[in-house]
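Report on one structure; see the data block that follows.
The values are calculated or read from the model by the stated rules, or taken from the named source; none is laboratory data. Everything quoted here is computed from the prediction, not taken from an experiment. Don't worry about glycine lacking a Cβ; one is built from the backbone with ideal geometry, like all the others, and counts go over all protein chains shown. Note: accessible area is taken over every heavy atom of the protein model, side chains too, but ligands, DNA and RNA are not part of it. Shrake-Rupley method; radii C 1.70, N 1.55, O 1.52, S 1.80 Å.
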Amino acid sequence: MSHPVHYRITAADPAAHLFSIEMTVRRPAADGQVFRLPRWIPGSYLLRDFSRHLGPLSARSAHGPVTLTALDNHSWQAAPCHGPLPLSYTAYAFDLSVRGAYLDRERGFFNPTSLCLEAVGQSGQSHGLRVDAPAPGTVSGDWRLAGPLPAAGAAPFGFGDFVAARYAALIDHPFELGHFDVVPFRVCNTDYEIVVSGRHRGDLDRLARDVARICEWQIRLFGEPAPFHRYQFQLFVGKDVYGGLEHRDSTALMASRDDLPVHGDDTLSDGYLDLLGLFSHEHFHAWNVKRIKPAAFTPYDLSQAALTSLLWAFEGVTSYYDDLTLVRSGVVPVERYLAQLARTLTAVQRGSGRHKQTLAESSLDAWTKYYQQNENSPNAIVSYYQKGALAALALDLKIRQDSHGARSLDDVMRALWRRWRDTGAGIGETEWERIAQQATGLDLGAFFDQAIRSTADLPLQALLQDAGVTVAWRAAQSGADKGGAPLPTASDTPPRAVIGVRSAADPAGIRLTHVLDGGAAQAAGLSAGDVLVAIDGLRASDLERQLARHRPGDSVRLHAFRRDELLAFDVIVQAAPADTCWLAPQDTPLWLSPAA
């Protein structure tokens with residue numbers, strides 16, 4: 001063992017979802033080496049306490065067993081000892097997400113934040129990692145290994161040895177184990193590969209062509225060369241899965257297998273459009289948050305929440321550029337981009353929480369409110385992803401308007417990138433705004449006060465109109481109507497009846513998942529969690545269809561169980577509000593052109 005800290009990870013018992021980990025510290029601290037496991041993973045702002053999945057830890061030096069004392073629920077201290085200190089433990093891995101670790105007989109995946117304890121005080125030294133192949137017969141067929149961490153002699157996609165310059169680098173590289181397809185491509189002198197696991201029949205060549213255009217446009221936005229020599233997309237496709245988590249030179253993604261493009265079909269489905277947006281979003285993070293980042297993240301303290309009011313500038317701005325990249329790179333037409341933008345406008349408009357929480361507050365509260373949402377969240381919070389993306393759009397249009405087209409948000413992003421290359425320093429809580437004003441030569445103080453520190457609606461109607469796009473609002477035509485298109489029929493369609501709830505099927509009837517502010521259900525006393533069992537004396541089965549027989553102003557008799565109590569409510573039906581957006585371009589908006 002040549003590295004000061006070394007790990008050996010084995011898929012020890014896939015049927016029981018157990019990885020085994022052997023960790024060795026060559027020269028443990030003289031007063032007793034401390035070990036700790038991260039409580040959260042960068043990019044996902046919730047204390048997840050990964051240590052709850054660890055099995056008992058044991059340590060043994062050349063002189064015999066070494067006592068380990070728990071300091072808290074995620075750190076331990078070994079008794080003083082001499083020479084190499086090996087540590088052994090297991091980790092339960094059955095988290096089907098991009099944030100943790102997963103293992104069964106069909107597939108394995110892990111972020112080192114879930115498996116690799118930090119040797120406190122030795123994090124800046126080189127770390128070695130060996131990943132062993134599962135024992136024959138314990139998994140389906142012969143597995144391969146994918147990961148962006150530099151290999152130390154291992155064959156491409158083979159099990160073996162890897163090396164990281166420090167602990168922070170080690171935990172920033174996810175690993176995929178099992179059966180997968182690999183599609184390589186190269187843009188701007190940078191090697192890429194898309195690793196796709198999970199059963200599918202997708203057209204991966206088309207996916208690679210489209211993703212290559214996305215990557216090239218983003219590299220050219222910030223300027224060549226890219227900040228990495230090799231980049232890996234790890235995509236798992238399955239059913240009812242979705243998510244992405246950024247890393248410095250890779251990303252872990254999950255999506256529906258049905259979202260992959262189909263061989264011989266050149267159409268652009270909504271699912272494929274969303275998938276391309278996910279690729280675009282996580283790749284953009286290689287600049288915006290993995291390198292340009294809040295000072296609160298430099299360095300990351302993974303033992304406690306790292307609070308910042310700037311998540312809107314990192315997740316929100318990235319959410320703006322993910323779809324913007326698609327249209328500027330020519331992957332999607334302007335009309336589809338505007339439809340996506342209209343859906344974002346609709347989503348923000350439908351939440352009354354936008355009038356109660358600012359974007360700065362949303363960022364600070366991510367740990368306790370955004371990542372721990374409940375039945376009241378639409379009434380209480382606003383998404384720094386969605387409203388943050390709209391704030392970035394408004395800022396871009398404002399800069400273009402006030403500079404008469406000479407400057408844009410692109411100039412701000414390039415200024416932030418130059419600053420990071422020159423200093424490597426994090427962005428202070430007020431510094432992002434200052435750099436934006438310096439890069440554009442504009443006084444944007446009033447804009448930031450309104451967009452970031454107030455609950456006022458963004459001035460997008462006027463800004464989009466000036467940019468050549470008309471904003472129109474209408475009532476939703478069904479519960480599945482997310483906006484993006486005008487009414488398909490004449491405007492004399494009778495108003496749709498609603499009671500201001502979101503619901504889901506329940507074995508007993510219809511369960512109310514959310515009761516919205518200002519709605520008829522809230523006024524009548526209904527609550528989230530209530531299960532509707534009867535509507536006007538008939539079994540509750542399809543709320544939308546059963547309400548469609550009524551007109552706004554009608555009284556509807558609802559019976560619902562709240563826990564085990566049957567309650568009756570008289571609800572005055574409302575007309576669906578005009579909270580559904582569609583956008584009509586007067587011509588091709590200049591800010592969406594490739595030359596913008």
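Miscellaneous remarks
- Residue check for GLU361: open to solvent by 60 Å² or more (accessible area, probe 1.4 Å) and either free of Cβ contacts under 8 Å to residues at least 60 places away in the same chain or touching a helix residue (DSSP H, G or I) at 6+ places or on another chain (Cβ under 8 Å) (or both): yes
- Residues that are in contact (Cβ under 8 Å) with a residue 12 or more places away in the chain, small (Gly, Ala, Ser) and more than 17 Å from PRO495 (Cβ to Cβ), drawn from the stretch 541-596: SER541, ALA560, ALA584, SER593, ALA596
- ALA415 being small (Gly, Ala, Ser), within 18 Å of the chain's Cα centre (by Cα) and closer than 24 Å to LYS293 by Cβ: no
- Of all residues in the stretch 147-166, those that are without any contact (Cβ under 8 Å) to a residue 40 or more places away in the chain have Cβ atoms under 6 Å from Cβ atoms of residues that are β-branched (Val, Ile, Thr) and open to solvent by 20 Å² or more (accessible area, probe 1.4 Å), 6 or more apart or on another chain, in PRO150/VAL163; ALA152/VAL163.
- Considering the stretch 510-542, the residues that are farther than 18 Å from ALA380 by Cα and touching a Ser or Thr at 6+ places or on another chain (Cβ under 7 Å) include one that is surrounded by the most Cβ atoms within 10 Å (Cβ to Cβ), namely ILE510.
- Residue satisfying all of: in the stretch 486-509; of a type in the set (A, V, I, L, M, F, W, C), assigned to a loop (DSSP other than H, G, I, E, B) and open to solvent by 20 Å² or more (accessible area, probe 1.4 Å); farthest from ARG336 (Cα to Cα) among these: ALA508
- Residue match in the stretch 553-564 (condition: under 30 Å from VAL334 (Cβ atoms) and surrounded by 14 or more Cβ atoms within 10 Å (Cβ to Cβ)): no
- Any hit, the stretch 543-550, residues being open to solvent by less than 60 Å² (accessible area, probe 1.4 Å), in contact with a Cys (Cβ under 9 Å, 6 or more places away or on another chain) and either in a loop (DSSP other than H, G, I, E, B) or under 27 Å from VAL382 (Cα atoms) (or both): no
- Of all the listed residues (ARG99, ARG130), the sole one being basic (Lys, Arg), at pLDDT 95 or above and part of a strand (DSSP E or B) is ARG130.
- The one condition from (1) part of a helix (DSSP H, G or I); (2) open to solvent by 40 Å² or more (accessible area, probe 1.4 Å) that ASP443 does not meet is (1).
- Out of GLY121, GLY32, GLY55, GLY83, sole residue that is modelled with pLDDT of 95 or more, on the phi > 0 side of the Ramachandran plot, open to solvent by 10 Å² or more (accessible area, probe 1.4 Å) and not charged (D, E, K, R): GLY121
- Against the test of being open to solvent by 40 Å² or more (accessible area, probe 1.4 Å), of a type outside the set (Val, Ile, Thr) and either part of a helix (DSSP H, G or I) or closer than 19 Å to LEU311 by Cβ (or both), the options ALA456, ALA462 yield a single qualifying residue, ALA462.
- In the condition set (1) charged (D, E, K, R); (2) open to solvent by 20 Å² or more (accessible area, probe 1.4 Å); (3) closer than 30 Å to ASP301 by Cβ, GLU176 is compliant with all but (2).
- Residue within the stretch 574-594 that is part of a helix (DSSP H, G or I) and either open to solvent by 70 Å² or more (accessible area, probe 1.4 Å) or farther than 30 Å from SER403 by Cα (or both) present: yes
- In the set (1) touching a residue at least 12 places away in the same chain (Cβ under 8 Å); (2) open to solvent by 20 Å² or more (accessible area, probe 1.4 Å), THR325 fails one condition alone, (2).
- Residue in the stretch 276-299 that is under 19 Å from GLN234 (Cα atoms), among the basic types (Lys, Arg) and either part of a helix (DSSP H, G or I) or touching a residue at least 24 places away in the same chain (Cβ under 8 Å) (or both) present: yes
- Matching residues in the stretch 223-248 - criterion: being surrounded by 22 or more Cβ atoms within 10 Å (Cβ to Cβ) and out of contact with any strand residue (DSSP E or B) (no Cβ under 7 Å at 6 or more places or on another chain): GLU246, HIS247
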